[in-house]
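Structure record follows, encoded as structure tokens.
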Amino acid sequence: MKDILNYQLQHNNTFGIVAKCKRFIEFETEDEAFQTAEVLRSEQEPFIILGGGSNLLLTRDFDGVVVRSAIQGLERVESPLGTETDVLVRCGSGEEWDKLVAQFIENGWYGAENLSAIPGDVGASAVQNIGAYGVEVKDLIYKVEAIEIATGKKTSFPNAECQYSYRQSKFKHGWKNKYLITHVTYRLGSTFTPNMRYGNISEALSAQEITNPTAQQLRETIIKIRNEKLPDPKIEGNAGSFFMNPIVERSVYERLKGQYGDTMPHYVVDEEHIKIPAGWMIEQCGWKGKTLGRAGVHAKQALVLVNKGGATGEEIVSLCDAIRSDVKEKFGIDIHPEVNIY
Ligand code: FAD
Ligand code: NAP
């Protein structure tokens, strides 16, 4: 178990913000996770549970404990579901998500291809309900194993108890900071059915003259599309989409449609609710590609805020506030950060 005082977090957050914490603990086994929960109980210090730090913005040194899972491992487990096509795979929460997606495909276990190249760890995948290109991890999660910090008890949550919805879960709300996730079991399939409905996936495959992609071809295409559009945190610090896409009442959408007509992108969630891409609204406010101090808005996707080099967390927050205020003024819609800000 790693246990370090006065720890520098610059390489533990993909924004690359320079900030320290008072103590950093990394647990590698379930036993060490129990010990970590005990430390959190006895020390009574503020704490952050961290994965890869790719959905995190630090605005100051953290006067408390940061804990991280380094539990590794992937094992196929017996499926009580009794169907031959289901494959249950139990993964350590400290595994890198994208490394697992690659291994799933190598093993002939399908369903996660569209979630290729999402940074971060397995534990966070279950907290964030990561999603991309029309797929959400909630559709693959079978159960989540965790240790309750307050009691030190081991618990296992079936998917239905995690209250998953669009980029949301109970771990982000009622269970926030209550559990250390140790393992996630995913339910994959042994037959491959490509999901090419979203955006320009089909187009990108056709451009390579592929009509019936293999899972590996689909993965590579998704990675290519992402690399062309999203900044690599190793080169330019960022945390992916900084804001959530607002889901508004139909009446709000109708009002905006009256103003912007068919040029306004929108996606119907249900009869009464419409999703309006925040990136489009930010672009309409003139922010795309602009900077404020050392913080910037990515030139190819306005939803992504970037560290232009040496930015502080506060500079990123100032940019975030300026954007939110302009979007509110122009569209009458509040947009909210998806990123956890400390
Ligand atoms: P962190 O940011 O470290 O933590 C996220 C949350 O999970 C926190 O609340 C934390 O407390 C909690 N947590 C982490 N580990 C545990 C644990 N073991 N037990 C309990 N709680 C835990 N997201 C998408 O959904 N789709 C995308 O396509 C996508 N693309 C991205 C592209 C880029 C370039 C970047 C930088 C980010 C992107 N993201 C995307 C956001 C991010 O990758 C995801 O939110 C990811 O799940 C975060 O993983 P992490 O391990 O870095 O989590
Ligand atoms: P995009 O394809 O340019 O689309 C812009 C926005 O429109 C997205 O936010 C997306 O919502 C929505 N959208 C597009 N087509 C849609 C459809 N057919 N049905 C419903 N909604 C649709 O987005 P992008 O920035 O290049 O990202 C591609 C995918 O990767 C998206 O799914 C996005 O969520 C994901 N991504 C997420 C993050 C993150 O940090 N959370 C970062 C980068 C990329 P959705 O977001 O709901 O899909």
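Restricting 41, 23 to residues that are of a type in the set (Lys, Arg), surrounded by fewer than 22 Cβ atoms within 10 Å (Cβ to Cβ) and more than 30 Å from residue 294 (Cα to Cα) narrows the list to 41. Residue 292 passes every criterion in (1) buried (at least 19 other Cβ atoms within 10 Å of the Cβ); (2) out of contact with any strand residue (DSSP E or B) (no Cβ under 6 Å at 6 or more places or on another chain); (3) under 24 Å from residue 228 (Cβ atoms) apart from (3).
Applying the selection to the range 167-181, what residues are more than 10 Å from ligand 1 (Cβ to nearest atom) and either assigned to a loop (DSSP other than H, G, I, E, B) or open to solvent by 70 Å² or more (accessible area, probe 1.4 Å) (or both)? Listed by number, the residues that qualify are 173, 174.
Just to verify a result, which residue in the range 241-300, among those that are hydroxyl-bearing (Ser, Thr, Tyr) and under 21 Å from residue 130 (Cα atoms), is farthest from the chain's Cα centre (by Cα)?
The first filter runs over the range 241-300 and keeps only residues hydroxyl-bearing (Ser, Thr, Tyr), leaving 241, 251, 253, 260, 263, 267, 291.
With under 21 Å from residue 130 (Cα atoms) added as a condition, the list becomes 241, 267.
Values: 241: 9, 267: 21 Å.
Going through the qualifying residues, I end up with 267.
Across the range 245-268, the number of residues qualifying as within 16 Å of residue 166 (Cβ to Cβ) and open to solvent by 80 Å² or more (accessible area, probe 1.4 Å) comes to 3.
Scan the range 267-276 for residues that are more than 12 Å from residue 333 (Cβ to Cβ) and of a type outside the set (Val, Ile, Thr) and jot them down.
Across the range 267-276, the qualifying residues are 267, 270, 271, 272, 273.
When the range 224-244 is filtered for residues that are open to solvent by 40 Å² or more (accessible area, probe 1.4 Å), within 10 Å of ligand 2 (Cβ to nearest atom) and either in a strand (DSSP E or B) or of a type outside the set (A, V, I, L, M) (or both), the ones remaining, listed by number, are 228, 229, 241. If you go through the range 173-207 and pick out every residue that is without any contact (Cβ under 8 Å) to a residue 60 or more places away in the chain, under 28 Å from residue 265 (Cα atoms) and out of contact with any Ser or Thr (no Cβ under 7 Å at 6 or more places or on another chain), you end up with 5. Report whether or not residue 78 is charged (D, E, K, R), touching a residue at least 12 places away in the same chain (Cβ under 8 Å) and open to solvent by 10 Å² or more (accessible area, probe 1.4 Å). Judged against the criteria, residue 78 is not a match. Apart from one condition, residue 327 fits all of (1) touching a residue at least 60 places away in the same chain (Cβ under 8 Å); (2) under 25 Å from residue 255 (Cα atoms); the exception is (1). Of all residues in the range 33-51, at least one satisfies being out of contact with any helix residue (DSSP H, G or I) (no Cβ under 7 Å at 6 or more places or on another chain) and at pLDDT below 95.
Looking for whichever is open to solvent by less than 50 Å² (accessible area, probe 1.4 Å) and in contact with a Ser or Thr (Cβ under 6 Å, 6 or more places away or on another chain) here; the options are 51, 92, 123. Which one fits? Selected residue: 123, the only one of 51, 92, 123 that is open to solvent by less than 50 Å² (accessible area, probe 1.4 Å) and in contact with a Ser or Thr (Cβ under 6 Å, 6 or more places away or on another chain). The single condition among (1) closer than 25 Å to residue 29 by Cβ; (2) at pLDDT below 95 that residue 120 does not meet is (2). Within the range 198-227, being closer than 15 Å to residue 116 by Cβ, of a type outside the set (A, V, I, L, M) and modelled with pLDDT of 95 or more holds for 213, 214, 216, 217, 219, 220, 221, 224, 226, 227. Applying the condition of being more than 22 Å from the chain's Cα centre (by Cα) and over 12 Å from residue 287 (Cβ atoms) to the range 316-340 and asking which residue is most open to solvent (accessible area, probe 1.4 Å) yields 329.
Counting only residues that are farther than 16 Å from residue 187 by Cα, give me the strands (runs of 3 or more DSSP E) lying completely in the range 47-139 with at least 3 of them.
The strands (runs of 3 or more DSSP E) meeting that bar are 47-50, 62-69.
The values are calculated or read from the model by the stated rules, or taken from the named source; none is laboratory data. Here the structure is a predicted model, which means the values were calculated and not measured. Reconstructed Cβ throughout: ideal geometry from the backbone, glycine too, with neighbour counts over all protein chains shown. To get the accessible areas, we keep the full protein, side chains included, count just its heavy atoms, and leave off ligands, DNA and RNA. Shrake-Rupley method; radii C 1.70, N 1.55, O 1.52, S 1.80 Å.
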